[in-house]
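Peer 1: Dumping the structure here so I can ask a few things about it.
The values are calculated or read from the model by the stated rules, or taken from the named source; none is laboratory data. Remember, it's a predicted structure, so these values are computed and weren't measured experimentally. So basically every Cβ, Gly included, is an ideal-geometry build from the backbone, and we count neighbours across all protein chains shown. In case anyone asks, the SASA skips ligands and DNA or RNA and just uses the protein heavy atoms, side chains included. Shrake-Rupley method; radii C 1.70, N 1.55, O 1.52, S 1.80 Å.
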Amino acid sequence: MSKSGGEEPRIGVFVCHCGTNIAGVVDVKEVAEYAKTLPNVVYATDYVYMCSDPGQELIKQAIKEHNLNRIVVAACSPRLHELTFRRTVSEAGLNPFLFEQANIREQNSWVHMDNPEEATRKAKDLVRMAVAKARLLEPLEPKEVPVEPAVLVIGGGIAGIQASLDLANKGIRVYLVEKEPSIGGNMIRLDKTFPTLDCSACILTPKMVDVSRHPNITLYAYSEVVEVDGYIGNFDVKILKKPRYVREDRCTGCGKCAEVCPVTVPNEFDLGLGPRKAIYIPFPQAVPAVYTIDMDHCIKCGLCVKACGELEAIDFDQKPEEVNVKVGTIIVATGFELFDARQKPEYGYGIYQNVITSLQFERLVNASGPTGGQIVRPSDGKPPKSVAILLCVGSRDQKALPYCSRICCMYSLKHAHQIKEKIPDAEVYILYMDIRSFGKGYEEFYNRVQHEGVKLIRGRASEIWEDPETKNLIVRAEDTFLGKPVELEVEMVILATGVIPNPATEPIRKALFITQSPDGFLLEAHPKLNPMSTTVDGIYLAGMCQGPKDIPDTVAQASAAASAASIPILQGKIVIEPIVANVDENLCGGCGICESVCPYGAVTVEEVGGKRKARVNEAKCKGCGSCGAACPSGAITVLHFKDDQILAQVDALLTG
Amino acid sequence: MPNRYPGIELATRIVMKNLGIELVDMEGASCCPAPGAFGPADLFTWRVLGARNLSIAEKKGVDVLTVCNGCYKTLYEVNQDLKSDPELRERVNEVLRPLGYEYNGTIRVRHIAEYLHRDYGVEKLRGAVKKPLEGIKVAVHYGCHLMRPKLRRELGDSERPHLLEDIIEATGAECVEYKDMMICCGAGGGVRSYDLALSLTLTHTKIKNATEAGADCMVNVCPFCHLQLDRGQAELKEQWGVYYGLPILHYSQLLGLAMGIPPKMLGFEAHYVPVDSFLEKLKGII
Amino acid sequence: MSSEQDFKPLVVAFCCNWCSYAGADLAGTSRIQYPPNVRIIRVMCSGRVDPQFILRAFEKGADGVLVAGCHPGDCHYLKGNLYARRRVILLKRLLETIGIEPERLRLEWISASEGGKLAEVIHSFVKELEKLGPNPLKEVVK
C-alpha cells in the first residue's frame, strides 16, 4: 500500500464531545481509548469542543509534540467543519488533505439518541474507518483560479433589481436577465405596501430606472437563461433574447404604434382585468420602455410600421438572438407565482364573476390599473358595499400547500384598509385562522385596521355560492369564537391566494444543479446561517424563489446575496479543491471507457509514446469519479477518494 | 351488496347484465362493516372484517364492486391501508388465517359510479341508453364517503365534482344545481341513530333546496343515503308535518329506466315516497 | 430461531456528497431516529461507486449495501446517478448468480432535503435484511 512521501503514518485522533450533543449519547472517552489501539494511531484524546480555539490549539500542539502526520477528528459532519480542521492542520504545517473527519454527530449521536450502547459502538466503527482512510491519505495541492469579475442575476423583480444595483455600485459588472418584456416583477403590480402604505411604484420605479441607466448593468429583458456551464469563478452563460419584433436600439417608447394597433387582448399584467394591444408595453413605467409585438395575436396589418415612420423600429423578421457571457458568480431571483385559486373550487373562483384574487384586487385599487383605482365588482362595475376577504386560500392546507405564505395576512389587512378608505360605508369581513403580523410595525397596523371597523371572523370559509339574481355571494364558515356556523352575504369576495414557486424556476434550477426543498422552493445552504447561498459554490439566492417572504425580507436577502456574490469577485481568485481524476499510466490500457462516461469531456485518450493513454484536463474535471467506477483496470481514480482509500474504509468496517 | 332496499340490488343486477358486465357473488361475505359505526369503535376489528370480505373476492380473482358509499369507504380504505403497510397486513392475517382466510392485496375496490365513469365509459353508457330521459330534472346527491376524504381517493376534486353529473347526463336527464348540494343526507356517522331530529334537519334542507330548484327526483349512489332521503321524508311528514314527495332513485334505477327496463323490475315498490307521479312524467318516454 | 431475533444486520451505505450524505446530515439535524445498523461512506457522486466496492463489502460480510444518490435529473454531475443505476441493476444479476440475494443491494434516490426518506429507507432495509438473515458469504468466509 502506498504511504505518501514514504513516511510511516503517525495518526492523531481527536474525539469531540460537542457539549452534550455527542457526549450525551456516545461514551467519548471509551471511543478515544479505543482509537489508541488502532494501528498507526500514536495519539488519541477527547475534548469538549474540538472546533473552538482551544480545541484547534490542542490539535496543533499534538501535531508538534507527537510528530503527527495524519489527523482524524470524530465530531460533526465534514460538511460543517472539514474546512475548519483542514485550516487547523495546515497552520500546524501539515498538508490540509492529510485530514479526515468521522461524522459521529449528525449520522450517529443525533439519530440514535435512545441507544447509547450501539451509538458508541458505531462511533468506534466510524473512527476505525476514518483512521483506515487517513493511513492512505496523500498530500494534495489546492489550485487557484482567477475569477471572472462579473455576476449574472436571473430575474428582474425587486430581489434581482436590489442585488444588481448593490453589485453595480461596488463596481462589478452585472448581467440582469428578465423573461418578461419589463423588469419590476410582481412588486410593480402592487398598489400600496404594508404596513407603511407607501406606493409600490413610487418606491420601485426609481430603482428600475437606475438599473437601466447604470453603466455597470447590462439588462437583457424579454430574455431567458438557457444554458450554464462551468463552476464558481468561471461560469459560461448562454442567454436567449426572444424577438420583440421591435428594435430596442430604435424604439423610443412613444406609443404611436399601440394607438393605431387594431387588436385588443386582455393584459396579462393586469391579470386580464384590463386590455392591451397586440403591440404593447405591459405598463406605462416599463423598463426598458420598448414595445413588444405579441405574435400570437398580431395580424400583421402594418399600421404600426406606418405609425412608427422614420424610426423604423418595427422588424417583423426579428429572430431569437443568442448571447454568451462569462461570469464569476450567479444570483437566482426568479420569484413566485400565485396559487391557482381554481384548485379550491368550493370558493368559486373562475365560476362566479365577483370572486377575485388579491393580486387582481391590487390592480383594481391601483391608480394606474384598469379602473384608475376605483374599487368595483366585475359583474356590474359598481363599488361593492360589502366585501369578504378569505385568508389562507391554498396556504396551510393539507389538500393544497402545507406552508404559510407569510404575506397574505398583512396584504389582506391592507386591502381591508383600502376598501374602508375608498368606500367608507362598506362592510369588510376578514375570515382567518390566525393573523400572523410578525414584522416591524405589523401588529400596530393590525390594531389600526381593527379600529377602522373591519370585522374579523376566526374561521376558515368552507364554501361560497352565488345568488344568481344579484350576483352576490354567500360565504359559509364556522365562527370558532362563537362556535357557530355563520353565513355572510357580500357583494364581492377577495381570495388571499398563497404563493408557489415560479414554474419558470425549474429549468434554471436544473441548469444550475441546485436543489429544492420539499415545498418546491430553492434550498438554501443553511436555513439560518446561510439563507442566501445554495449548496453549489458561486450560486446565491434572493427573494421568493427561496421561500415566501415580504418586501423588506426580500430586499435584505437580495443585498446579502449581492454581498456574498461579490466576495469571490473582490478576492479575484478562488481556491479549487484538488479532488480531480488522476491516471496511473502504467495501468491504463487506453480503452477509452472513461472518456465515454465523463459528463464534462474532461478525460480524453491520447497517444503517449506510441500507446493510447487517458489524460485528464484538471480544469474541466469536477471530481465526480464516474470514470473511476467504470475503469476496468483501476488506472483512473479520483484523488482523495481513491479506490484503495474507499476499500480501506470498507475493510476496516467489516474486519475490525 | 346491501340488504336494505332489495330493489337497488335487483336494479343493479339487471342493469349490469344488460350492459354486459358479469357480476360474481361473494358467498360468505358479511357486512362491510359500516365505516361510521364500526371504524371509530374498533379500528383493528373493522379492518379485519373488511379484509375478510376482500379475501373472498381475492380468492375468486375479481375486483369488488359496491353500490354503496359506506361499503366503498370501508373496503377501499382497508384495501389501501393493508396494501401499503405490510406489518398491519401481517397482523390482520394472523387473525384471518385460523378462519381459513388470507388477505394478499391482489384486487381493487370499485364503486359502481366510478366504475361506469372511468372503465365502462360515459360514451359507451350513452350508447346503452335506449330511452333518453329528456326533460327530466335530477338533483344529484353524492353522499359523503364517495369523494371524501379527497386525499384518500383518486377521484379528483371533492368540492365541485362532476363524476355523477357525467353519468346521469348520459341517460339524457338534466342535472339541476341546488343550494348545499354537497351536504350530508343526515344519516351517516351514527347521526340517524343518535339524534334523529338533527338528522332530519339535514334531510329537510336537502330535500327542500332540491324541490325549490325544480328537481323531478333525487339520484344517489348509496342505499343508506337512499334510506335517509326516502324514509326521512315520511318521518318529516309524521314529525314536522312537512311533505315534499320528492322521488328518490338509486343511480342503477335511473339507468335502468333509461335503458328501457320496465319499472316493475327496478324495485320501486319498496320506496316510502311513491315514484308513481315521476313514472307518470316519463310516460311519453319509456 | 432465537438467533434470528439476535441478528443485527450491518449495512454499508455509499452516499453522494451533494444529496444523500447531506440528507443523512439533515436527518441528524432534525433528530429523526433510525436503526444504528448503518455505516455511511461518503463519495462525491453515486457514480463513483465502483462495483468492486460493493462486492468487497459483501465479500467481507456486509449484510446489505445501500447506494444512495440524487434524484434523476438532479445529479450534481449531470448523470453520475444514472451510471450508478445501470451498475446496480447489472450487479444485482451478478449477485444472484453467486448466491447473494439481490435484495441485499439497494439503490435509492435521496435528496438533501429528504432526511425523513433516508431514515425510512434504513428502517425498511434493516427490516428486510432481518428477514433475509445474515449474509450467506459470512459462513464461507469463516
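Peer 1: Stokes-Einstein D for chain A at 37 °C, 0.692 mPa s, Kirkwood Rh over Cα pairs, in µm²/s?
Peer 2: Details: Rh = 29.0 Å.
Translational D for this selection: 113 µm²/s.
Peer 1: Right, something else. Could you work out, residue by residue across C:11-17, how many beta carbons of other chains sit within 10 Å of that residue's beta carbon, and then give the average as an integer? Display every interim value, and only then the final one.
Peer 2: Numbers: counts 0, 5, 1, 3, 1, 2, 7.
Counting other chains' Cβ atoms within 10 Å and averaging over C:11-17 gives 3.
Peer 1: On full extension of the chain, what length is gained from B:E22 through B:S84, given 0.36 nm per residue of separation minus the C-alpha to C-alpha distance? Spell out each step's value before the answer.
Peer 2: Details: separation 62, 0.36 × 62 = 22.32 nm, distance 2.93 nm.
Separation in residues times 0.36 nm, less the Cα-Cα distance, equals 19.4 nm.
Peer 1: Another question, if that's okay. Quick one: ranking A:D229, B:D85 by accessible area, 1.4 Å probe, largest first, what do you get?
Peer 2: On the way: A:D229 90, B:D85 60 Å².
These residues rank, largest area first, as A:D229, B:D85.
Peer 1: Output wanted: per-residue J couplings in Hz (rounded whole) for the range B:214-231, from phi through Karplus 6.51 cos²θ - 1.76 cosθ + 1.60, θ = phi - 60°, x for Gly and Pro.
Peer 2: Karplus-based 3J(HN,Hα) across the range B:214-231 equals x, 6, 8, 7, 10, 10, 10, 10, 8, x, 6, 4, 4, 4, 5, 6, 8, 5 Hz.
Peer 1: Related question: Probe of 1.4 angstrom, ligands and nucleic acids ignored: what's the accessible area per residue over chain A, in square angstrom?
Peer 2: On the way: 26570 Å² over 656 residues.
With the other protein chains kept in place, chain A gives 40 Å² per residue.
Peer 1: Which lysines have a Cα less than 19 Å from the Cα of C:K8, not counting those fewer than 8 places away in the same chain?
Peer 2: Partners found: A:K122, A:K124, C:K60, C:K127, C:K131, C:K138, C:K142.
Peer 1: Label-point separation (nm) for B:V122 and A:L83, each offset 7 Å from Cα along Cα-to-Cβ?
Peer 2: With each label placed 7 Å out from Cα toward Cβ, I get 5.8 nm.
Peer 1: Identify all lysines with a Cα-Cα distance to A:K344 below 19 Å; exclude those on the same chain that are fewer than 8 residues away in sequence.
Peer 2: By straight Cα distance, A:K344 reaches A:K399, B:K150, B:K179.
Peer 1: Could I ask something else about it? With a 1.4 Å probe, what is the total accessible area buried between chains A and C, in Å² rounded to the nearest 100? Write out the running numbers ahead of the final one.
Peer 2: Numbers: alone 29290 and 7970 Å², together 32680 Å².
Chain pair A/C: roughly 4600 Å² of buried accessible area.
Peer 1: Using only Cα atoms, find the angle between the long axis of helix A:53-66 and the longest principal axis of chain A, and express it within 0 to 90 degrees, rounded to the nearest 10.
Peer 2: 20
Peer 1: How many nm separate the modelled label positions at A:M113 and B:K179, each set 7 Å beyond the Cα in the direction of the Cβ?
Peer 2: 5.3
Peer 1: Separate question: By accessible area of protein heavy atoms, probe 1.4 Å, what ranking do A:Y222, A:Y49, A:Y347 get, highest first?
Peer 2: Details: A:Y222 45, A:Y49 105, A:Y347 5 Å².
So the residues, ranked largest to smallest area, are A:Y49, A:Y222, A:Y347.
Peer 1: Return the FRET efficiency for the residue pair A:V226, A:N530: r is the Cβ-Cβ distance, R0 is 30 Å, and the value is rounded to the nearest 0.05.
Peer 2: Numbers: r = 28 Å, r/R0 = 0.94.
The pair A:V226/A:N530 has a calculated efficiency of 0.60.
Peer 1: Same structure again: Hey, got the average number of other protein chain Cβ atoms within 10 angstrom for residues in B:151-158? Numbers along the way, then the final one.
Peer 2: Values: counts 2, 0, 0, 0, 0, 0, 6, 3.
Mean number of neighbouring Cβ atoms from other chains: 1.
Peer 1: How about A:K622: which lysines have a C-alpha closer than 16 Å to its C-alpha, ignoring those fewer than 8 places off in the same chain?
Peer 2: Output for A:K622: A:K143, A:K642, C:K79.
Peer 1: Among the trypsin sites (Lys or Arg not before Pro) within the range B:222-286, which fall in a DSSP loop and have no more than 16 other Cβ atoms within 10 Å of their own Cβ?
Peer 2: On the way: sites: B:R231, B:K237, B:K264, B:K281, B:K283; in loops: B:K283.
Qualifying residues, ordered by number: B:K283.
Peer 1: Also, I was wondering about something else. Taking the Cα centre of the protein assembly as shown as origin and charging only Cβ (+1 Lys, Arg; -1 Asp, Glu), how large is the dipole, in debye to the nearest 20? The partial results should precede the final answer.
Peer 2: Numbers: 125 positive and 134 negative charges, 169 e Å.
The calculation lands at about 820 debye.
Peer 1: Shifting gears a bit: Which of the chymotrypsin sites (Phe, Trp or Tyr not before Pro) found in the range A:291-341 are in a DSSP loop and have at most 12 neighbouring Cβ atoms, other than their own, within 10 Å?
Peer 2: On the way: sites: A:Y291, A:F316, A:F336, A:F339; in loops: A:Y291, A:F316, A:F339.
Loop-located and lightly packed - none at all.
Peer 1: Amide H to amide H, which residues 5 or more places from A:G335 or on other chains are under 5 Å from it, using H placed in the peptide plane?
Peer 2: A:M544, A:C545
Peer 1: Then there is this: So what does B:T201 come to for accessible area, using a 1.4 Å probe and Å² rounded to 10?
Peer 2: Surface open to solvent at B:T201 totals about 60 Å².
Peer 1: Report D for the range C:8-141 in µm² per second (integer): Stokes-Einstein, Kirkwood Rh on Cα pairs, 10 °C, 1.306 mPa s. Don't skip to the answer; put the middle values down first.
Peer 2: Values: Rh = 14.6 Å.
Taking Rh from Cα pairs, D becomes 108 µm²/s.
Peer 1: Another one. Can you find, among B:H204, B:L246, B:G260, the residue farthest towards the positive end of the dipole of the range B:201-286? Put +1 on the C-beta of Lys and Arg, -1 on that of Asp and Glu.
Peer 2: With unit charges placed on the Cβ atoms, the residue in question is B:G260.
Peer 1: Tabulate in residue order the Karplus-calculated ³J(HN,Hα) for the range A:389-398, using 6.51 cos²θ - 1.76 cosθ + 1.60 with θ = phi - 60°, rounded to whole Hz; enter x for Gly and Pro.
Peer 2: Values, residue by residue: 10, 9, 8, 6, 8, x, 6, 6, 9, 4 Hz.
Peer 1: First compute the accessible area of the range A:108-265 with a 1.4 Å probe, then give the percent of it belonging to carbon and sulfur atoms. Walk me through the intermediate numbers first.
Peer 2: On the way: 2930 of 6040 Å².
That fraction is 49 percent.
Peer 1: Moving on to the next point. Counting pairwise Cα distances across the range A:166-223, what percent come out greater than 16 angstrom? Please list the in-between numbers first.
Peer 2: Values: 818 of 1653 pairs.
Percentage above 16 Å: 49.
Peer 1: Scan the range B:115-173 for trypsin sites (Lys or Arg not before Pro) in coil per DSSP, keeping those whose Cβ has at most 16 other Cβ atoms within 10 Å, and list them by number. If you can, show how the numbers build up before the last one.
Peer 2: On the way: sites: B:R118, B:K124, B:R126, B:K130, B:K137, B:K150, B:R152, B:R153; in loops: B:K130, B:R153.
Passing both the DSSP loop test and the Cβ count: B:K130.
Peer 1: While we're on this one: Counting only heavy atoms of protein chains, what accessible area per residue, in Å², does the range B:6-110 have with a probe of 1.4 Å? Let's see the in-between values first.
Peer 2: On the way: 4920 Å² over 105 residues.
Spelled out: the 1.4 Å probe surface of the range B:6-110, per residue, equals 47 Å².
Peer 1: Further question on the same structure: What does the charge count around B:Y272 come to, taking other residues whose C-beta lies under 14 Å from its C-beta (Lys +1, Arg +1, Asp -1, Glu -1)?
Peer 2: Details: positive: B:R4, B:R231, B:K237; negative: B:D230, B:E235, B:E238, B:E269, B:D276.
For residues surrounding B:Y272, the net value is -2.
Peer 1: Can you compute the FRET efficiency between A:T264 and A:D198 using 1/(1 + (r/R0)^6), with r the Cβ-Cβ distance and R0 = 41 Å? Round to the nearest 0.05.
Peer 2: Rounded to the nearest 0.05, the efficiency is 0.80.
Peer 1: Now for a different question. Taking K and R as +1 and D and E as -1, what net charge do the other residues with C-beta under 14 Å from the C-beta of B:T201 add up to?
Peer 2: Values: positive: B:R192, B:K206, B:K208; negative: B:D180, B:D195, B:E235.
Its environment carries a net charge of 0.
Peer 1: May I pose another question? Per residue of A:508-515, count partner chain C-beta atoms within 10 Å of its C-beta, then hand back the mean as an integer.
Peer 2: Across the residues of A:508-515, the mean count of other-chain Cβ atoms within 10 Å is 3.
Peer 1: Compute, for A:E427, the solvent-accessible surface of its heavy atoms (probe 1.4 Å) with the complete set of protein chains present, and express it in square angstrom to the nearest 10.
Peer 2: Estimated to the nearest 10 Å², A:E427 gives 70 Å².
Peer 1: How much solvent-accessible surface does A:E91 expose, in Å² to the nearest 10, with a 1.4 Å probe and all protein chains in place?
Peer 2: Accessible area of A:E91: about 110 Å².
Peer 1: Still on this structure, I have one more. Pick out, from A:A556, B:A57, A:V305, the residue whose Cα sits farthest towards the positive end of the charge dipole of the protein assembly as shown, with +1 on the Cβ of Lys and Arg and -1 on the Cβ of Asp and Glu.
Peer 2: Projecting each Cα onto the dipole axis, the largest value belongs to B:A57.
Peer 1: Sorted by accessible area with a 1.4 angstrom probe, largest first, how do A:D643, A:D340, B:D230 fall?
Peer 2: Numbers: A:D643 20, A:D340 60, B:D230 0 Å².
Of A:D643, A:D340, B:D230, the descending order of accessible area is A:D340, A:D643, B:D230.
Peer 1: Mean residue ellipticity at 222 nm from the helices of the protein assembly as shown, using -39,500 (n - 2.57) per DSSP H segment of n ≥ 4 over the full residue count, to the nearest 500 deg cm²/dmol? Mind dumping the intermediate values first?
Peer 2: Values: 36 runs with 381 residues, N = 1084.
-10500 deg cm²/dmol, from helical runs alone.
Peer 1: Ok, one more. Let me make sure I get this right: for the range A:265-380, a, b and c are the square roots of the gyration tensor eigenvalues over alpha carbons, sorted descending. Under 1.5 in a/c it's rounded, otherwise prolate if a/b > b/c, else oblate. Which is it? Don't skip to the end; give the middle numbers.
Peer 2: Numbers: a/c = 2.22, a/b = 1.40, b/c = 1.58.
Cα axes put the range A:265-380 in the oblate bin.
Peer 1: Between A:H297 and C:S30, with labels modelled 7 Å along Cα→Cβ, what's the label distance in nm to one decimal, could you check?
Peer 2: Placing both labels 7 Å beyond Cα along the Cβ direction yields 4.5 nm.
Peer 1: Nearest 10 degrees is fine. How inclined is helix A:408-422 to the longest principal axis of chain A, computing both from alpha carbons?
Peer 2: Rounded to the nearest ten degrees, it is 20.
Peer 1: Read phi for every residue in the range A:98-112 and hand back ³J(HN,Hα) as whole Hz from Karplus 6.51 cos²θ - 1.76 cosθ + 1.60, θ = phi - 60°, with x for Gly and Pro.
Peer 2: Once θ is set to phi - 60°, the couplings for the range A:98-112 become 8, 10, 9, 10, 9, 8, 10, 10, 4, 9, 9, 5, 7, 10, 10 Hz.
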